[in-house]
1. Any chance you could count how many residues in region A:185-203 are of a type in the set (Asp, Glu) and either assigned to a helix (DSSP H, G or I) or in the same structural domain as A:ILE100 (by TED's automatic domain parsing) (or both)?
2. If you go through region B:227-248 one residue at a time, how many are facing chain A (nearest Cβ under 7 Å), over 30 Å from B:PRO69 (Cβ atoms) and surrounded by fewer than 19 Cβ atoms within 10 Å (Cβ to Cβ)?
3. Residue check, A:SER116 against (1) surrounded by fewer than 24 Cβ atoms within 10 Å (Cβ to Cβ); (2) touching a residue at least 12 places away in the same chain (Cβ under 8 Å); (3) not in a helix (DSSP H, G or I), all met but one. Which one?
4. What tally of residues in region A:140-159 results from selecting those that are free of Cβ contacts under 8 Å to residues at least 40 places away in the same chain and either part of a helix (DSSP H, G or I) or among the β-branched types (Val, Ile, Thr) (or both)?
5. Would you call B:ALA208 surrounded by 21 or more Cβ atoms within 10 Å (Cβ to Cβ), more than 7 Å from chain A (Cβ to nearest Cβ) and out of contact with any His (no Cβ under 8 Å at 6 or more places or on another chain)?
6. Output the residue which, of all residues in region B:86-103 that are assigned to a loop (DSSP other than H, G, I, E, B) and basic (Lys, Arg), is surrounded by the most Cβ atoms within 10 Å (Cβ to Cβ).
Protein chains: 2
Amino acid sequence: MELRTVLVVGTGLIGTSAALALRKHGVRVLLADRDQGAVRLARELGAGEEWVLGSPAAEGVDLAVIAVPPAHVASELLELQRHDVARFYTDVASVKAEPIDRATQLGCDLTTYVASHPLAGREKSGPGAARHDLFLGRPWALCPTQEARPDAKAAVLKLIELCGANPVEVSAGEHDRAVAVVSHAPHVTASAVAARLADATDVALGLAGQGVRDVTRIAGSDPGLWLGILSGNAAPVAEVLEAVAHDLAEAASALRALAEGDGTATGELTQLLKRGVAGRERIPGKHGGPASAYAVVQVVIGDRPGQLARLFQVCDEVGVNVEDVRLEHAPGLPLGIAELSVQPDAAAPLIDALRERGWQVP
Amino acid sequence: MELRTVLVVGTGLIGTSAALALRKHGVRVLLADRDQGAVRLARELGAGEEWVLGSPAAEGVDLAVIAVPPAHVASELLELQRHDVARFYTDVASVKAEPIDRATQLGCDLTTYVASHPLAGREKSGPGAARHDLFLGRPWALCPTQEARPDAKAAVLKLIELCGANPVEVSAGEHDRAVAVVSHAPHVTASAVAARLADATDVALGLAGQGVRDVTRIAGSDPGLWLGILSGNAAPVAEVLEAVAHDLAEAASALRALAEGDGTATGELTQLLKRGVAGRERIPGKHGGPASAYAVVQVVIGDRPGQLARLFQVCDEVGVNVEDVRLEHAPGLPLGIAELSVQPDAAAPLIDALRERGWQVP
């Protein structure tokens, strides 16, 4: 299946990023959005040519990518199909069962439509935040219904391939339950932890370390956008949140009993902590493979230009590949620790090389 | 107040790190631990001289640092005071009210004892993980009671100064409520989210992104260690967990109603997401100052030795200080994005310089 011309409806972060990826492969891209500013910005960024919604169908559009909020996918699909705008259709919304159900209710043609969802995003939104490599190596779910024609699915697989993503075929229901567990419910939970900080004392905030920063990072995202996502996946997210709330209430109750001298319930608390360790270990590591145990080399660095350049220069000289890097800052001081993750057998030679050159490796 | 000789009781991560910091300043350090292996390893690491618990008091010990689990602090203090081992005493346990209450009950001398807690740690434990700069720039709470003599407090302040930490004077109760909010309850919550992953499908894990990785990172820590910490701060942690569980149950109930067509409860869900944003914004930024808005420059890098060295070399040439760096990997592909946080006015010149040199800056 070749894609020569693709129409992108909705030039936000996801739509424009897909358009940029397609342009890199020489695909002709038409851009449409109800927001004239958004579509113009996308065009100026080199994402394609402007096309006005409702104008006569362009020649030979192989695929229309509907990149609008979940609640508007089905009506947009209906409208585009009415005007016979493209041979095939997909959408990229982060929930899947609801748009497909709605499309069925509205009487859309399900033979030419395959719903999909790229697992990629940024904390920023809009065409200005788009980038052609947003989907590189990311999972991209596709959820063909029984009605879908094989060539409709092939068109969507081609889109995924051109965007550099990994296709994951999954039913809409399974998709929605999966993202509830790995994305939507964790988001609400991070918000609930961060909400406690809103009422906390300045002293408490002054004692905040890296742990709470990590737990609450995603809670900084746009509430309006997230309300839309959660609303579109309401039942699966509710189910996960109920389980998390139940576990936390049980933990609280065990701790209450303990505070009153009854230590019999700590077994459940230990079980929760252990199940957490087990769940954490199931998250796949870098490059989609199993989580691997890198060695971590810690180096004291000053907060001045050039320190990191010199540090990575040493790694380069010794031929050590840095798999990951994390800067841990010392609050209140212009000093920090760089934590370099390297293959276990590379750690000792790297430490020696750094120490020889006068680096502080504690 | 000068510290010439300090006794460290308990040569785990915290005790040995404090000993190493004191040694850097030429302080004589005596090391004791019920575990002979731990104390020997600490000695071999240069943390000080071995001292056997229960042997006659050494000459002129200015301060004894009790670095044992929270439940054993008071009995250890009583024992040391009975033998008149040191002029002053502190502990470094991560909860404060319980050890002080217990010390009072046991009839310890509260005039020479000031409880404290350095807010520092690592995911590893034991003397082998110790480092002299563990406390550099970190908050270090101290909780003097009304009975404490001013020179006892001065001795603990000197310890904090020699370890390079920032003293934060706070009552034991306020300390415990603070760490419940910023450390202990977030930990249990991360465990509860990670516990859902233990039961999730492989498909779900395959769709996991950076968000859930961040939320669950601290859930990988040692359950036994954490059970001790949570048990020692049971009531304050229970209170925070009850509030988080309540918010999550409300969110779940709003989503259940929504799934059945009743959208009236989404207002509360939006409020929770907004309170999360507000709480997140209160976390102090780098160097203990207010969270500042750095510009983030994203650069595509290959997963080969030398790429980061060359990247930071460019930053150095342009005189741009990288405030933070984050590697975002593309699962399944040997490619990634380096996100460099820089001062806002440094972003444009850095991007130009990188592009000129052929870097892909999307």
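The values are calculated or read from the model by the stated rules, or taken from the named source; none is laboratory data. Remember, it's a predicted structure, so these values are computed and weren't measured experimentally. Every residue, glycine among them, receives a Cβ derived from its backbone with ideal geometry; neighbour counts consider all protein chains shown.
1. Residues that pass the stated criteria total 1.
2. Of the residues in region B:227-248, the ones facing chain A (nearest Cβ under 7 Å) are B:227, B:230-231, B:234-235, B:237-238, B:240-245, B:247-248.
When the remaining residues are screened for being over 30 Å from B:PRO69 (Cβ atoms), the result is B:247-248.
Subsequent filtering for residues that are surrounded by fewer than 19 Cβ atoms within 10 Å (Cβ to Cβ) retains none.
So the count comes out to 0.
3. (1)
4. 2
5. no
6. Narrowing region B:86-103 to residues assigned to a loop (DSSP other than H, G, I, E, B): B:86-87, B:92-96.
After this cut, where a residue has to be basic (Lys, Arg) as well, the list is B:87, B:96.
Working: B:ARG87: 18, B:LYS96: 27.
The extreme case among them is B:LYS96.
Here's the yes/no breakdown for (1) modelled with pLDDT under 95; (2) in a strand (DSSP E or B); (3) not assigned by TED's automatic domain parsing to the domain that holds A:ALA155:
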site: A:THR11; (1), (2), (3): no, no, no
site: A:ALA19; (1), (2), (3): no, no, no
site: A:LEU22; (1), (2), (3): no, no, no
site: A:LEU30; (1), (2), (3): no, yes, no
site: A:ARG34; (1), (2), (3): yes, no, no
site: A:ARG40; (1), (2), (3): yes, no, no
site: A:ARG43; (1), (2), (3): yes, no, no
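Residue by residue, here is whether (1) free of Cβ contacts under 8 Å to residues at least 40 places away in the same chain; (2) farther than 20 Å from B:VAL156 by Cβ; (3) of a type outside the set (Ser, Thr, Tyr); (4) surrounded by fewer than 24 Cβ atoms within 10 Å (Cβ to Cβ) holds:
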residue	(1), (2), (3), (4)
B:GLY12	no, no, yes, yes
B:GLY26	yes, no, yes, yes
B:ARG34	yes, yes, yes, yes
B:ALA38	no, yes, yes, yes
B:GLU44	yes, yes, yes, yes
